[in-house]
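Working notes, beginning with the structure itself.
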Amino acid sequence: MSEIEILKRLRELERVVNRMKTLDKARALNVNVEDDLRFPATSVKLSGSKPPTSTALWGGEVLSFSDQAVIGNEEYIYFDVQLSHRWKEGTNLRPHVHWLGQDTTAGNVYWRLTYSWADIGAAFGAATPIYVAAANNAVTTSTHTMSYFPDISGVGHGGYSGMLICSLSRHSSNALDTYNGKNAYLLEIDFHIDMDTLGS
């Protein structure tokens, strides 16, 4: 093994040790250490019948969710979540969207997330919907906004590699969506999770 390879291995080991120290400190102080399960807009499955529009923005690409006044016309994406081996069993998941509005018009975008969660060996049930009325930034255009859904309870779930089958839409036919006539640009949907290990 060359000297350069040895130095690389030592740096990797140092990073692992530092992460372990962080977890040890968190346990000692009884505080949470979080990780992020990430689903960028460029990596999700679009609805075959009612997809949002892929839109070029700032040298990249986002998904544009339009304002649909008629129920059933809303645009959807789909994605699946596997629980990380770092997840602290039984703790809640904290889903949230990263997005921005078309302009600085004041109003709320009513995001809708559905999920069905099953551990290995368990059966999936009917999808559960949760919502967030997310306020558009009415001061500065193209402002990155992060909006949290209600927590998804982890009570009764355990073991590694549980799965969630999910969809995300803008529930714009609902009266709580007041960003009228404007598009909401999705950057990413994430799930914050508590972690108590570096993995299995």
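The values are calculated or read from the model by the stated rules, or taken from the named source; none is laboratory data. The shown structure was predicted, so the numbers you read here are calculated from the model rather than taken from an experiment. No Cβ is skipped: glycine too gets one built from the backbone with ideal geometry, and neighbour counts run over all protein chains shown.
For region 41-87, enumerate the residues that are among the polar types (S, T, N, Q) and in contact with a strand residue (DSSP E or B) (Cβ under 9 Å, 6 or more places away or on another chain). Break it down into steps so the answer makes sense when it comes.
First pass over region 41-87, keeping only residues among the polar types (S, T, N, Q): 42-43, 47, 49, 53-55, 64, 66, 68, 73, 82, 84.
Residues satisfying the conditions are 42, 43, 47, 49, 53, 54, 55, 64, 66, 68, 82, 84.
Just to be sure I understand, how many residues within region 160-200 are of a type in the set (D, E, K, R), under 13 Å from residue 83 (Cβ atoms) and surrounded by 22 or more Cβ atoms within 10 Å (Cβ to Cβ)?
Counting residues in region 160-200 that are of a type in the set (D, E, K, R), under 13 Å from residue 83 (Cβ atoms) and surrounded by 22 or more Cβ atoms within 10 Å (Cβ to Cβ) gives 0.
Within region 92-110, can you find the residues that are surrounded by fewer than 18 Cβ atoms within 10 Å (Cβ to Cβ) and either under 20 Å from residue 39 (Cβ atoms) or among the charged types (D, E, K, R) (or both)?
Residues satisfying the conditions are 92, 94, 103.
Can you name the number of the only condition in (1) under 14 Å from the mean Cα position of the chain (by Cα); (2) at pLDDT 95 or above that residue 153 fails?
With (1) under 14 Å from the mean Cα position of the chain (by Cα); (2) at pLDDT 95 or above applied to residue 153, the lone miss is (1).
I'd like to verify a number: residues in region 110-130 that are in contact with a Gly (Cβ under 7 Å, 6 or more places away or on another chain) and of a type outside the set (D, E, K, R), how many? Give the steps one after another, and end with the answer.
Residues of region 110-130 in contact with a Gly (Cβ under 7 Å, 6 or more places away or on another chain): 116-120.
Next cut, of a type outside the set (D, E, K, R) only: 116-118, 120.
Number satisfying all stated conditions: 4.
Checking residue 24 against (1) under 17 Å from the mean Cα position of the chain (by Cα); (2) at pLDDT below 90, which single condition isn't satisfied?
(1)
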